[in-house]
Amino acid sequence: MIKLMRYFIVLSVVVTLAGCNLGPLKKRGGKSSDTTEIQDQGNKYADNEDSTAKFSSGGSMDVSSLNDPNSPLSQRVLYFELDSSQIKGEDREIITVHAEFLAAHSDISIVLEGHADERGSREYNIALGEKRAKAVKQLMTLQGVTENQIQVISFGEERPVALGHDASAWNLNRRVEILYTGY
């Protein structure tokens, strides 16, 4: 009888989990997240010689710039090295544009989602994702964004954008996403 009861409990848990869609999240905006699309997004401004010019004057942008794919504010994913929360040099320009925009629009707030790849324990990855998001938050607050405009959340390895178990997938999953709210 006890064996049968255990069997039903395990079966109910498996059926419940099977009904949940725990796959990777789709890219914001309703489009599916394709690995090549994400890689292209990461190199969006790399081919242009005037890339730094595109990142200047973020404070003069209006709210419609958030939905403009040609705006530097459309660059909202920052990638990190393995076991690191150090912000890359090219990402500092992106953060500066977002910080200038947020400082000029105090009614708009953001959520910084920290993520990690699947390697490491769950606890370690949650802590690393939080550390990455807090590093971005610190840089933004140093540039005039108020603390109450930024919320930090860490998902660790729980929301991968790439499902592979190789270096290219891991590179895409080590990230901080900037999500705008309140506009």
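The values are calculated or read from the model by the stated rules, or taken from the named source; none is laboratory data. As the structure is a computational prediction, the values presented were derived from the model and not from experiment. Methodologically, a virtual Cβ is constructed for each residue, glycine included, from the backbone with ideal geometry; neighbour enumeration extends over all protein chains shown.
Below is a table of values for the structure above.
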quantity: Condition broken by residue 84, with the remaining ones in (1) within 14 Å of the chain's Cα centre (by Cα); (2) assigned to a loop (DSSP other than H, G, I, E, B) satisfied; calculated: (1)
quantity: Tally of residues being part of a loop (DSSP other than H, G, I, E, B) and under 25 Å from residue 81 (Cβ atoms) across the stretch 103-144; calculated: 7
quantity: Residues being outside any helix (DSSP H, G or I), on the phi < 0 side of the Ramachandran plot and either out of contact with any Pro (no Cβ under 8 Å at 6 or more places or on another chain) or β-branched (Val, Ile, Thr) (or both) - total across the stretch 145-183; calculated: 23
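Every residue, every condition in (1) loosely packed, with under 12 Cβ neighbours inside 10 Å; (2) in a strand (DSSP E or B); (3) at pLDDT below 95; (4) charged (D, E, K, R), yes or no:
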position	(1), (2), (3), (4)
9	yes, no, yes, no
16	yes, no, yes, no
25	no, no, yes, no
38	no, no, yes, no
44	no, no, yes, yes
65	no, no, yes, no
101	no, no, no, no
